[in-house]
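Chemist: Just dropping this structure here.
The values are calculated or read from the model by the stated rules, or taken from the named source; none is laboratory data. Computed from a prediction, not measured in an experiment: that's the story for all the values here. Here the Cβ positions follow ideal geometry from the backbone for every residue, glycine too, while neighbour counts run over all protein chains shown. We work out accessible area using only protein heavy atoms, side chains counted, and drop any ligands, DNA or RNA first. Shrake-Rupley method; radii C 1.70, N 1.55, O 1.52, S 1.80 Å.
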Amino acid sequence: MAQILAPSAQWQMRIAKNSIDASPLSTKTWSSLILKQNKKEAVKSPGKFRVLAVKSENSTVNRLEQMLNLDVTPYTDKIIAEYIWIGGSGIDLRSKSRTIPKPVEHPSELPKWNYDGSSTGQAPGEDSEVILYPQAIFKDPFRGGNNILVTCDTYTPQGEPIPTNKRYRAAQIFSDPKVAADIPWFGIEQEYTLLQPNVQWPLGWPAGGYPGPQGPYYCGVGADKSFGRDISDAHYKACLYSGINISGTNGEVMPGQWEFQVGPSVGIEAGDHIWCSRYLLERITEQAGVVLSLDPKPIEGDWNGAGCHTNYSTKSMREEGGLEVIKKAILNLSLRHKEHISAYGEGNERRLTGKHETANIDTFSWGVANRGCSIRVGRDTEKKGKGYLEDRRPASNMDPYVVTSLLAETTILWEPTLEAEALAAQKLALKV
């Protein structure tokens, strides 16, 4: 996360007025993923419904593409808003579209909506209506123009947050005056694995077999080391277009695994940006015909798992003497280790084994520049005496609303007893 230096100014999710003319990422963006490999097959296909037709020797016309890329802006003020929400598993994403009479700049200008919660595992059939509250707006890189993506949280018709609505509690924590005054920053490293469809095996791996051992794949270059770069790059550009505060991307240790970083983001914005960036990645892999996995240990054995390392700092940590504040935060985190682990993602016990750059799930630890610890403090932070900490425990399928708000709660709002604090400080060799 070295490239993450300062948060975006987009604390309240607004769309810049001067950004609406940017070119959308049309379906042609994915041509290197699909069209080239399927060109001959598509032309020769005996199927009744053909989407592709040869116009000349060197060009292919995709009639469906022409419809998808239609610019309706000259003909109507209406826009398409894609409402996005988290489904019943707490990790799956759902969305549906509606027409809005004119362009908007803020979620408060959008109407609430509803959906059938019985079909997402979030409501019984006899009382299935769940209400969507718009919370953040992003530009739509798939439709372009003034069209938008809208991240929402979910409520009963009576206005009560449903159990899978973790944003509601997070917003309460981040709006606490003590938390707000300390301006918490988050930089989140989202790892993910690309799988071949049907066989559910990592991209680039021989079906049912294994590639060479880990070593050459991390930030690797070449057809025998990098699998899925087009997807990573397309996602990078889609995030930038949308207004997501993405700060970088790289190939990971296990082949077929990638990472992107979002942040620094302030407070609740971190969760909004990660969820929308996940939605974009789901849509891009959908178009590419590749399966996205956020499983924390997709392949058993001597292969790295997938995490969602969360870099965190407060105003007091970033100021002179901040290292002492970081140490006090580490002490608090050690005393609530079990609470954090239980909220850091499903299946994390398969990843946090003490191997492959992880700490053991049952033991809290911290260290400087040590990627085998629960909490890592960077060399630069140690040298300057201020900066940030990295929580390496969250799994790739964690809920960013839960993780970010829990970090703020534990380190800013929660106070341990003096006896527990003293014992923990002695155990961790922390002089606070």
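Chemist: Which count do you get for residues in region 156-171 that are buried (at least 20 other Cβ atoms within 10 Å of the Cβ), assigned to a helix (DSSP H, G or I) and of a type outside the set (A, V, I, L, M, F, W, C)?
Modeler: Count: 1.
Chemist: Also, quick follow-up: Here is a check on your reading of the model: is R336 among the charged types (D, E, K, R), farther than 30 Å from G208 by Cβ and either open to solvent by 20 Å² or more (accessible area, probe 1.4 Å) or in contact with a strand residue (DSSP E or B) (Cβ under 7 Å, 6 or more places away or on another chain) (or both)?
Modeler: yes
Chemist: Also, I was wondering about something else. Test C276 against the criterion of being over 14 Å from T193 (Cβ atoms), buried (at least 23 other Cβ atoms within 10 Å of the Cβ) and touching a helix residue (DSSP H, G or I) at 6+ places or on another chain (Cβ under 9 Å), and give yes or no.
Modeler: Criteria met by C276.
Chemist: Quick check on region 370-385: of everything there that is in contact (Cβ under 8 Å) with a residue 12 or more places away in the chain and under 27 Å from R350 (Cα atoms), which residue is most open to solvent (accessible area, probe 1.4 Å)?
Modeler: Taking the candidates together, the pick is R371.
Chemist: Tell me, which residue of region 90-113 that is touching a residue at least 40 places away in the same chain (Cβ under 8 Å) and open to solvent by 40 Å² or more (accessible area, probe 1.4 Å) is nearest to P163 (Cα to Cα)?
Modeler: The qualifying residue nearest to P163 (Cα to Cα) is I91.
Chemist: For Y312, are the conditions met, namely being in contact (Cβ under 8 Å) with a residue 12 or more places away in the chain, open to solvent by 10 Å² or more (accessible area, probe 1.4 Å) and among the hydroxyl-bearing types (S, T, Y)?
Modeler: Judged against the criteria, Y312 is not a match.
Chemist: Follow-up question, since we're still on this one. Checking the structure you have, find out if any residue of region 218-238 is in contact (Cβ under 8 Å) with a residue 12 or more places away in the chain and over 22 Å from the mean Cα position of the chain (by Cα).
Modeler: Yes; the residues of region 218-238 include at least one that is in contact (Cβ under 8 Å) with a residue 12 or more places away in the chain and over 22 Å from the mean Cα position of the chain (by Cα).
Chemist: While we're here: Being over 30 Å from S293 (Cβ atoms) and free of Cβ contacts under 8 Å to residues at least 24 places away in the same chain narrows it down to one of A425, A420, A429, so name that one.
Modeler: A429
Chemist: In this structure, is R318 charged (D, E, K, R) and open to solvent by 40 Å² or more (accessible area, probe 1.4 Å)?
Modeler: The answer is yes for R318.
Chemist: Next question. Do you know which residues across region 361-387 are part of a loop (DSSP other than H, G, I, E, B) and in contact with a helix residue (DSSP H, G or I) (Cβ under 6 Å, 6 or more places away or on another chain)?
Modeler: I361, F364, A369, G385, K386, G387
Chemist: Under the condition of being part of a helix (DSSP H, G or I) and in contact with a Pro (Cβ under 6 Å, 6 or more places away or on another chain), which residue from region 334-353 is nearest to A395 (Cα to Cα)?
Modeler: Filtering region 334-353 for residues that are part of a helix (DSSP H, G or I) and in contact with a Pro (Cβ under 6 Å, 6 or more places away or on another chain), the one nearest to A395 (Cα to Cα) comes out as N348.
Chemist: Limited to region 225-249, what total is found for residues that are within 19 Å of L195 (Cβ to Cβ) and either in contact with a Gly (Cβ under 6 Å, 6 or more places away or on another chain) or surrounded by fewer than 19 Cβ atoms within 10 Å (Cβ to Cβ) (or both)?
Modeler: 7
Chemist: Check whether at least one residue in region 200-220 is more than 20 Å from S265 (Cα to Cα) and touching a helix residue (DSSP H, G or I) at 6+ places or on another chain (Cβ under 8 Å), and report yes or no.
Modeler: no
Chemist: Give just the number: which of (1) out of contact with any His (no Cβ under 9 Å at 6 or more places or on another chain); (2) over 22 Å from G228 (Cβ atoms) does A288 not satisfy?
Modeler: It fails just one condition, (2).
Chemist: Here's a follow-up. Could you pull out the residue among L352, L423, L407 that is over 25 Å from P184 (Cα atoms) and surrounded by 21 or more Cβ atoms within 10 Å (Cβ to Cβ)?
Modeler: The conditions single out L352.
Chemist: Just to be sure I understand, how many residues within region 94-141 are more than 22 Å from R278 (Cα to Cα), in contact with an Asp or Glu (Cβ under 8 Å, 6 or more places away or on another chain) and assigned to a loop (DSSP other than H, G, I, E, B)?
Modeler: 5
Chemist: Which members of region 343-360 meet the condition of being over 16 Å from T310 (Cα atoms) and not basic (K, R)?
Modeler: E346, G347, E349, T353, G354, H356, N360
Chemist: Going through Y401, Y388 one at a time, which residue ends up being closer than 22 Å to I274 by Cβ and open to solvent by 40 Å² or more (accessible area, probe 1.4 Å)?
Modeler: So the residue among Y401, Y388 that is closer than 22 Å to I274 by Cβ and open to solvent by 40 Å² or more (accessible area, probe 1.4 Å) is Y388.
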